[in-house]
Amino acid sequence: LQRITSYQQEQGSRKGLVRFDNYPWTYALVQWAVGMESSLASAVRGPEQASTIFVTNDLPLLDSVAQRPQQFLGPDWQPLWFGLQSLDSAYFRFPQDVGYTWVNSVDSTHVLDQLRMSGPEGSYRMVPDRFTVIPIRLENAGDRRIASCTVRGTPLQFTYELLREDGTIYQESAFRTSLETDIAPGTTYMQGLVVERPVDKGRFIVRAWLTADGDPVSDPFQFRIMADPWPL
């Protein structure tokens, strides 16, 4: 949540709409609370820093209400329950002159040759769980916005291979990670990449790339991980 809200705030938007399939459901919590949860997570820095996102695929609803400046999209099961005027300004001070803007847009031609992708420096230590969310750096070095969805509305997704240190394939990914947000020109976004823990302990290489509807659309990048023995 804080990755998305902080980045959107840097772009001048504090009320964002996220497409359902772009949200990181592999490790995120339930959908219905995201609007308020994102507000609380960002407002700890002060009421003027409060940012909110609403996750949905209900496009007709959003077309009719999202541009209302005074609207706050609350719980998923009753998004129009209350407006900004119902929020305590001691904790939340959202802009009241603009509505919500889309975090995710669609494009038929993705300009990914200007996208610089890199993983952590050194070996990233896996957590003692089945999955680890690894931060990767996405830099848009071009002058055009990089859309996070295809023209069909499906998200661009990361896939990866896990390699042994000698470069041979250890495991191919059965999981894909959606690009969480568009990337504005001249900006950098820290994305979470979900990597499944290898069965064996040791050092491995992650080689990842972006796909659109299953087809590769970027050059691969790679980084190293370290899997310790299970603690139990």
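Every number in this text was worked out from the coordinates using simple rules, so none of it is lab data. Note that the coordinates shown come from a computational prediction; the quantities given were computed from them, not determined experimentally. Using ideal geometry, Cβ is built from the backbone for each residue, glycine included, and neighbour counts are taken over all protein chains shown.
How long are the semi-axes of the ellipsoid equivalent to the stretch 107-227, from square roots of 5 times the Cα gyration tensor eigenvalues, in whole Å, largest first?
26, 15, 12
Longest segment of the chain with no trypsin sites (Lys or Arg not before Pro) in a DSSP loop having at most 10 other Cβ atoms within 10 Å? The partial results should precede the final answer.
Working: sites that count: ARG130, ARG152.
With a cap of 10 other Cβ atoms within 10 Å, the longest stretch comes to 1-129.
Looking at the stretch 57-137, which chymotrypsin sites (Phe, Trp or Tyr not before Pro) are DSSP coil and have at most 14 other C-beta atoms within 10 Å of their C-beta?
Values: sites: PHE72, TRP77, TRP81, PHE82, TYR91, PHE92, TYR100, TRP102, TYR124, PHE131; in loops: PHE72, TRP77, TRP81, PHE82, TYR91, PHE92, TYR100.
Sites meeting the loop and neighbour criteria: TRP77, TRP81, PHE82, TYR91.
Using Cα centres only, tell me the gap between the stretch 5-70 and the stretch 130-149 in whole Å.
18
Run the quick spin-label model on ARG145 and GLN222: label points 7 Å from Cα toward the beta carbon, then report their separation in nm to one decimal.
Taking the simple label geometry, ARG145 and GLN222 are separated by 3.5 nm.
Give me the angle, in degrees from 0 to 90, between the Cα long axis of helix 34-43 and the longest principal axis of the Cα atoms of the chain, rounded to the nearest 10.
Once rounded, one gets 90 degrees.
Nearest-5 percent of antiparallel DSSP beta bridges in the chain?
The answer is about 75 percent antiparallel.
Please arrange LEU59, LEU73, LEU162 by counting, for each residue, the other beta carbons lying within 10 Å of its beta carbon, fewest first.
Ordered from fewest to most neighbouring Cβ atoms within 10 Å, LEU59, LEU73, LEU162 come out as LEU59, LEU162, LEU73.
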